[in-house]
Amino acid sequence: MQMSVQVNNLVKRFGSFPAVDDISFSVAKGEIFGFIGPNGAGKSTTIRMLCGILDQTSGVGTVEGFSIKTEPEKIKSVIGYMSQKFSLYDDLTVEENINFYGGIHGLSRDETKTRRSWILEMAGLRGKESNMTGALSGGWRQRLSLGCAIIHGPKVVFLDEPTAGVDPISRREFWLLIRGLAKAGTTIFVTTHYMDEVEFCDRIAMIYRGKIVAMGTSAELKTANKVDNLEMLFVNLIRGME
Amino acid sequence: MRRILELVRKELIQTFRDKRMVGLIFVAPVIQLIMLGYAVTTDVKHIALGVWDNDRSFESREFVRKAVISGYFDDAGVVVNDAGMEHAFKSGRCDLVLYFPPDYSRNIKRGEKAKLEIIADGSDSNLTNIAFSYMAQIANIENARLMKENVSKMKAARGGNIMIPQVSPEPRVMYNPEMKSANYMIPGEIGLILTLITILLTSMSITKEKESGTIEQIIVSPLRSYEVILGKTIPFALIGMMIVLLIITGGLLVFNIAIKGNIFTLLFSSFLFLLNTLGVGLFISTISKTQQQAMLSSVIFILPSIMISGFAFPVSNMPIEVQWISYLLPLRYFFTIIRGIFLKGAGFAILWPEMLALFILGVTVFILAALRFRKKLS
Ligand SMILES: Nc1ncnc2c1ncn2[C@@H]1O[C@H](COP(=O)(O)OP(=O)(O)O)[C@@H](O)[C@H]1O
Ligand SMILES: [Mg+2]
């Protein structure tokens, strides 16, 4: 199987504090890989290193074959990244945000136009092109943010808690969008702290205090640990670490 | 290119959509323009005094010596002709020139009225007035000496026909003959406002993106570092140029001050100056995490640099250590340049050393900032 993301013994320390503590995993092309853990577990730190925007302390990682250490700029041309806070410009309109992201990813005016109508359609924002982004509700912001992150059609998409603070219906719709992307061949690396979202992922890693405490498909984890509830499994694993 | 344009466009939209920013950019200069137009300073010392001595006598040297030991004047070297004097004024080397005509000492010896000229730069009307009154006092002291000397001669001659000579200074103003203080303050305001607004806008626009997290999207895009830097500075350079034009127009309409020199030289110098302020703004954004920190750092940099660059108080009035520091401040050179162009019609030929200094400082600070500005999170 072809690997899209590969990580070996990745470590990130802030001062002496290990935010990411020696993790290894890989993600296959077209797979939805869920990174699950509570706040402060090290999810965002991992994602930022993979996107080439944060230097790692040690370890190796590749994204689409490019080294996160030596080729971060090459990585940037093949990935899309949706950061934790739905990074959109609140003081720009929906359309201005889309144009901006198209522009900085080097899309031509025509390409941006085509993608813009696709994003508006996907996010259900048709007719709201000139609304101020800051005034949009959570679900719309989330989908617009996703649209902007994948405007250039990346091979790998990193989504950092894309469903946090969004109503359940929007969350469901969002996951359907993600599944659609993966079907079309895009690799998805997604973090969440909602256990119930495990069901939408092909495979998951549970992360706690910078360490991966369990990894596999939902079914694998359940049979291996003889539980039928992954939340219980996680709680038990964490207890074991205390 | 298109990517940079996209950054610039976005930045301009955001700036002009923000009512507070629009206020800062357009209202602040107008208010300052009016306030500063009427402001004056007092207590002037260390006025740079040039000497144009066509007499070269004991008497002329004595007058200069008295001026210098008074503490109000510093010897700023000699001037030998009209062109030399003009150059000394335009380059800012002299504030005042004392001209002794060839018959100065002969008139004194004959007991007649000995004229000398005090020629002032005049751009700073306040400094000029004060300098004239100091000179009048020094002439009084010199006259007292001559009186004493001649009275003793008179006694020796037993009341013979000895006449008492008198030195008589004649003030003349070179530029700004109406002696309006606005003429001095308004060009200075260009430097002031440009510093304030461009440093604040640049540093805050970047830290704002740090706060909102959008900086991560920019870092993760294929934009090159230099593209981000240009995209974050070009918009504020454009706004800076608009401000320059706004103040020039305002000065003309409100205070009737027209530029004596070439407006393109002025705009070019403004551009050189903007290299410095944008570089500083960029640098501040690399050391600040929040807009508040950026604002604070900006003010910490801006306030002292305004105080010791000669905006309100002449640099020559300051302690020598402070004067050394002021050599590192772009604003100091920019003040000389804009006042020179505005009031005295100076151009490249005279102001090139200041322009060169601005260029070197600007490129240095810009490169330092650009090196610190990495496309990474810290
Ligand atoms: N820039 C930083 N400096 C210092 N500590 C940090 C920094 N970023 C994150 N951390 C710490 O690293 C740990 C992991 O953070 P993060 O990766 O954001 O967790 P998560 O995304 O899983 O909530 C947290 O304890 C956080 O406080
Ligand atoms: Mg996080």
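Quick notes
- When restricted to residues that are of a type in the set (Gly, Ala, Ser), under 18 Å from B:Gly191 (Cα atoms) and without any contact (Cβ under 8 Å) to a residue 60 or more places away in the chain, the range B:333-378 contains 1.
- Test result for A:Tyr101, at the interface with chain B (Cβ under 9 Å from one of its Cβ atoms), in a helix (DSSP H, G or I) and open to solvent by less than 40 Å² (accessible area, probe 1.4 Å): yes
- Of B:Leu201, B:Leu230, B:Leu238, all but one fail to be at pLDDT 90 or above, buried (at least 22 other Cβ atoms within 10 Å of the Cβ) and either out of contact with any Cys (no Cβ under 9 Å at 6 or more places or on another chain) or part of a helix (DSSP H, G or I) (or both); the exception is B:Leu201.
- Test result for A:Gly59, facing chain B (nearest Cβ under 10 Å) and either assigned to a strand (DSSP E or B) or farther than 30 Å from A:Phe234 by Cβ (or both): no
- Test: residue in the range B:367-378 that is small (Gly, Ala, Ser), open to solvent by 30 Å² or more (accessible area, probe 1.4 Å), more than 24 Å from B:Ser125 (Cα to Cα) and within 14 Å of chain A (Cβ to nearest Cβ): yes
- All positions within the range A:11-22 that are within 13 Å of A:Ile68 (Cβ to Cβ) and within 16 Å of ligand 2 (Cβ to nearest atom): A:Lys12, A:Val20
- When residues of the range A:14-23 are limited to those that are at negative phi and exposed (fewer than 15 other Cβ atoms within 10 Å of the Cβ), the one nearest to ligand 1 (Cβ to nearest atom): A:Phe14
- Going through (1) within 14 Å of another protein chain (Cβ to nearest Cβ); (2) more than 13 Å from ligand 2 (Cβ to nearest atom) one by one, A:Ile47 falls short only on (2).
- Hits in the range A:191-232 - residues which are farther than 16 Å from A:Pro38 by Cβ and among the aliphatic types (A, V, I, L, M): A:Met215, A:Ala219, A:Leu221, A:Ala224, A:Val227
- Residue ID - nearest to A:Val20 (Cα to Cα), chosen from residues in the range A:186-200 that are modelled with pLDDT of 95 or more and more than 16 Å from ligand 2 (Cβ to nearest atom): A:Ile188
- Top-ranked residue of the range A:73-87 - restricted to ones that are within 8 Å of another protein chain (Cβ to nearest Cβ) and open to solvent by 10 Å² or more (accessible area, probe 1.4 Å), ranked as farthest from A:Ala28 (Cα to Cα): A:Lys85
- Considering residues of the range A:152-193 that are more than 25 Å from A:Gln6 (Cα to Cα) and within 16 Å of ligand 1 (Cβ to nearest atom) only, the residue surrounded by the most Cβ atoms within 10 Å (Cβ to Cβ): A:Ala164
- For the range A:89-98, a residue qualifies if it is open to solvent by 10 Å² or more (accessible area, probe 1.4 Å), touching a Lys or Arg at 6+ places or on another chain (Cβ under 8 Å) and more than 7 Å from chain B (Cβ to nearest Cβ), and exactly one does: A:Glu95.
- Residue list for the range B:281-295, restricted to those being of a type outside the set (Phe, Trp, Tyr), open to solvent by 20 Å² or more (accessible area, probe 1.4 Å) and outside any loop (DSSP other than H, G, I, E, B): B:Thr286, B:Ile287, B:Gln291, B:Gln292, B:Gln293, B:Met295
- Scan the range A:35-60 for residues that are in contact with a helix residue (DSSP H, G or I) (Cβ under 6 Å, 6 or more places away or on another chain) and either open to solvent by less than 10 Å² (accessible area, probe 1.4 Å) or of a type in the set (A, V, I, L, M, F, W, C) (or both) and the total you get is 6.
The values are calculated or read from the model by the stated rules, or taken from the named source; none is laboratory data. Since we're looking at a predicted model, the values are computed, not measured. When we count neighbours, we look across all protein chains shown, and the Cβ atoms used for this are built from the backbone with ideal geometry, even at glycine. Note: accessible area is taken over every heavy atom of the protein model, side chains too, but ligands, DNA and RNA are not part of it. Shrake-Rupley method; radii C 1.70, N 1.55, O 1.52, S 1.80 Å.
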